[in-house]
Amino acid sequence: MRIDVVTIFPSYLAPLREALLGRAIDRGLIEVAVHDLRDWTHDVHQAVDDSPYGGGPGMVMKPQVWGEALDSVIGPVIDSPARLVVPTPAGRPFTQQLAHEWTSAERLVFACGRYEGIDQRVVDHYAQRMPVDEVSIGDYVLVGGEVAVLVMVEAVVRLLPGVLGNPRSAAEDSFSDGLLEGPAYTRPEVWRDLPVPPVLRSGDHAAVDRWRRDRALERTARLRPDLLAALPPDALDEADRAV
Ligand SMILES: NCc1ccc(-c2ccccc2)nc1
């Protein structure tokens, strides 16, 4: 998978080259290119924004600059189909399911907005020639899309074959079975007078699996009842319902 990011703050994307994601790049599992939007300005001030039509606070990012940048970065879409992703608070929710969907994309191009966002015609123009996703990572407003890109790239790349040491990790993610993950424990057996739940040291794998699912169901009911309500009817067996 090739990932391109266009931003006025390229250094914000430096974490993409660290740790797990950095190793995925070194191993050739993904390619990452970060582009400075200002490279496509032609004026001495390198202007990327202007006042909003209709008035109102803040500034809007200019369509001309974005058009030249995205034409250059995306290139002839025919050659390598890409998805254009625009992080925005006014977007569809980014979910584990969407992360999985994106793992089949040959290319992801992220357009990081700042100020009050990007002139809508940029999304409208590219939506005529490629899939464009306006996506939100949560109901809060950031100063720009860069942090959201870090979140989404990590969520997608960790799902790619070979990236995680243990493929079971991604398969057993929170949300993979529609529930939140239950608690995890490691040595020591007792820490500050708090013991590890004995069942986890029993060696009885069926009991451990049952205990873990019960804790996941309890946690989901307590913190995310919406996820329980969204489960398909056959997702919970009789033992689950007893929790
Ligand atoms: N859903 C999180 C999120 C994503 C992007 C932005 C944002 C803010 C300003 C300009 C452009 C994008 N804010 C929140």
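What helices (runs of 4 or more DSSP H) lie completely within region 108-202 and have 3 or more residues being within 16 Å of the ligand (Cβ to nearest atom)?
Result: 120-126, 146-157.
Yes/no matrix, rows are residues, columns are (1) surrounded by 21 or more Cβ atoms within 10 Å (Cβ to Cβ); (2) within 18 Å of Glu154 (Cβ to Cβ); (3) within 16 Å of the ligand (Cβ to nearest atom):
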site	(1), (2), (3)
Pro63	no, no, yes
Ser72	no, no, no
Ala82	yes, no, no
Glu106	no, no, no
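Within region 168-188, is there a residue that is touching an Asp or Glu at 6+ places or on another chain (Cβ under 8 Å) and of a type in the set (Lys, Arg)?
Scanning region 168-188 turns up no residue that is touching an Asp or Glu at 6+ places or on another chain (Cβ under 8 Å) and of a type in the set (Lys, Arg).
Can Asp49 be described as out of contact with any Cys (no Cβ under 7 Å at 6 or more places or on another chain), over 15 Å from Leu70 (Cα atoms) and either without any contact (Cβ under 8 Å) to a residue 24 or more places away in the chain or among the hydroxyl-bearing types (Ser, Thr, Tyr) (or both)?
no
Restricting to region 158-203, and then to whatever is of a type in the set (A, V, I, L, M, F, W, C) and in contact (Cβ under 8 Å) with a residue 40 or more places away in the chain, can you tell me which residue is farthest from Leu16 (Cα to Cα)?
Result: Leu179.
For region 147-182, which residues satisfy the criterion of being at pLDDT 95 or above and touching a Pro at 6+ places or on another chain (Cβ under 8 Å)?
If the condition is that a residue be at pLDDT 95 or above and touching a Pro at 6+ places or on another chain (Cβ under 8 Å), then Ala148, Val149, Leu150, Met152, Pro161 are the ones that fit.
Tell me, yes or no, whether region 207-214 has at least one residue that is surrounded by fewer than 17 Cβ atoms within 10 Å (Cβ to Cβ), among the hydrophobic types (A, V, I, L, M, F, W, C) and assigned to a helix (DSSP H, G or I).
yes
Considering (1) within 16 Å of the ligand (Cβ to nearest atom); (2) of a type outside the set (Asp, Glu); (3) surrounded by 11 or more Cβ atoms within 10 Å (Cβ to Cβ); (4) free of Cβ contacts under 8 Å to residues at least 60 places away in the same chain, say which one His100 fails and leave the rest.
(1)
Would you mind finding the one in Val34, Val48, Val44, Val6 that is more than 17 Å from Met152 (Cβ to Cβ) and touching a strand residue (DSSP E or B) at 6+ places or on another chain (Cβ under 7 Å)? Before you say what the answer is, go through the steps one by one.
Working: Val34 fails: more than 17 Å from Met152 (Cβ to Cβ); Val44 fails: touching a strand residue (DSSP E or B) at 6+ places or on another chain (Cβ under 7 Å); Val6 fails: more than 17 Å from Met152 (Cβ to Cβ).
Matching residue, one of Val34, Val48, Val44, Val6: Val48.
Filter region 136-156 down to the residues that are under 9 Å from the mean Cα position of the chain (by Cα) and β-branched (Val, Ile, Thr), then identify the one that is surrounded by the fewest Cβ atoms within 10 Å (Cβ to Cβ).
Val151
Of everything in region 215-227, what is assigned to a helix (DSSP H, G or I) and either in contact with a Leu (Cβ under 8 Å, 6 or more places away or on another chain) or among the acidic types (Asp, Glu) (or both)? Give them in sequence order.
Ala216, Leu217, Glu218, Arg219, Thr220, Ala221, Leu223, Asp226, Leu227
The values are calculated or read from the model by the stated rules, or taken from the named source; none is laboratory data. Keep in mind that what you see is a predicted model, and the values were worked out from it rather than measured. Using ideal geometry, Cβ is built from the backbone for each residue, glycine included, and neighbour counts are taken over all protein chains shown.
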